[in-house]
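Working notes, beginning with the structure itself.
The values are calculated or read from the model by the stated rules, or taken from the named source; none is laboratory data. Nothing here was measured: the structure is a model prediction, and the numbers come from that model. Using ideal geometry, Cβ is built from the backbone for each residue, glycine included, and neighbour counts are taken over all protein chains shown.
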């Protein structure tokens, strides 16, 4: 629905990370009112009870606002980190030697040596490799490896504090995507009834299938968001996308591994392949970074968000801007405004998507036909009756300025659809409507919701078997009277 009091409604969705800033109920309500569609619980920080309280708070305030908000649990993954220093931080000088030691005590780091939490790192690196610390701010080069110790020379120095991350330039670390902590957190997230699980540092489709099996065993139908942040993931991109429900362009660690000069083309490629393979895509990391401490974004950030919209992303994500920032609500409002502005460009409303394809499934053909018809005659809205959310997803892959209202009786399916560009889920229980009265019932609901006006034409898709998954086989045009 239209959360920004704009017409037409904003199509690109907003994901916002929760944290200490949004623990204030007043601020949480402000960011939801400002336009957040899906909230992110970051399992790299906080305790289980923190995530429980945040999920409860979101649901409470969403109910107060008479709307639905999706919840995504983001698993930490095998984030490789240094341990801690005796004094909390050190200063590394260029050309000095520095040792990473898997056997070093966790709280005993010095100017000469620090422990690391990933015990297999000495086996994963070789002489000459560059190790990037703190998102690439510091650079070490491996000189020799002795048992548990990796002897390095500092190429780029600076301040280094506790628990900073380590990446190997070019990727290639063997750590599994799902750690024991992740598996425990996944079960906890299932018990929270989250709508999406985000998997960090995915390397291939096997990582996604493993997570899917764990979700199935736990009895959850949550969607899987695969975070693309490893070099290996780019080599296995299509298989990862096909195994996932959505992917995230996680530009932080990905940029460290592949180099910042390659990030723009990687982002465009990931978005393009996700849309081509009929999956949702989120663009993330530092989108409005300056708004952690400033009330307005930089012009570069405005262009970054707008370009992601023009590329076709389904959603854009805020991290520290909302979790710990001083202007969380302003960051969401600015992002919503920029997305809406970018969506007014004609390129976001025209599409040649799959025009040349042969379709194997009726529902897929109906979705394509519906968007083609809607884009070529005077249609004010598309109404899709859906059980699984698939038809609205397929429709949303096609660029258009026409809103897609997904009428669905299943709450989790509706919340999943909150991630799809241009799709606005509405609660509607088709099982309580007689088959011959469906059209009349839908028109009455549209009038009740004041979404459309008299004499507006809509395009309706549904199935002859109204309660069946994958049964969409009908397309019709109706005028409101």
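For segment 305-328, a tally of residues being under 19 Å from the mean Cα position of the chain (by Cα), under 26 Å from residue 20 (Cα atoms) and crowded, with 21+ Cβ neighbours inside 10 Å returns 10.
Filter segment 77-97 for residues that are touching a residue at least 12 places away in the same chain (Cβ under 8 Å) and assigned to a loop (DSSP other than H, G, I, E, B) and give the result. Matches in segment 77-97: 77, 78, 79, 80, 83, 84, 86, 88, 93, 94, 95, 96. For segment 263-272, enumerate the residues that are free of Cβ contacts under 8 Å to residues at least 24 places away in the same chain and surrounded by fewer than 15 Cβ atoms within 10 Å (Cβ to Cβ). Listed by number, the residues that qualify are 264, 265.
Among the residues of segment 280-303, what is the count of those that are within 25 Å of residue 393 (Cα to Cα) and without any contact (Cβ under 8 Å) to a residue 40 or more places away in the chain? So the answer is 3. When residue 138 is tested against the conditions (1) at pLDDT below 95; (2) farther than 27 Å from residue 183 by Cβ; (3) within 33 Å of the chain's Cα centre (by Cα), the lone failure is (1). Only one entry in 54, 40 is at pLDDT 95 or above, part of a strand (DSSP E or B) and surrounded by 14 or more Cβ atoms within 10 Å (Cβ to Cβ), namely 40.
Against the list (1) at pLDDT 95 or above; (2) within 27 Å of residue 15 (Cα to Cα); (3) buried (at least 17 other Cβ atoms within 10 Å of the Cβ), the condition residue 151 fails is (2). Yes or no: segment 98-110 includes at least one residue that is crowded, with 16+ Cβ neighbours inside 10 Å and in a loop (DSSP other than H, G, I, E, B). Looking for residues that are crowded, with 16+ Cβ neighbours inside 10 Å and in a loop (DSSP other than H, G, I, E, B), one finds at least one in segment 98-110, hence yes. Looking at 393, 385, 419, just one residue is modelled with pLDDT of 90 or more, farther than 18 Å from residue 12 by Cα and buried (at least 21 other Cβ atoms within 10 Å of the Cβ), and that residue is 385. Checked against the criterion of being modelled with pLDDT of 85 or more, surrounded by fewer than 16 Cβ atoms within 10 Å (Cβ to Cβ) and in the same structural domain as residue 371 (by TED's automatic domain parsing), the candidates 475, 449 yield just one match: 449. Being over 17 Å from residue 273 (Cα atoms) and out of contact with any helix residue (DSSP H, G or I) (no Cβ under 8 Å at 6 or more places or on another chain) is the filter; apply it to segment 350-371 and report the residue that is modelled with the lowest pLDDT. Here the answer is 358. Here the condition is being more than 22 Å from residue 343 (Cβ to Cβ) and in contact (Cβ under 8 Å) with a residue 24 or more places away in the chain; of 412, 395, 417, it holds for 412 alone.
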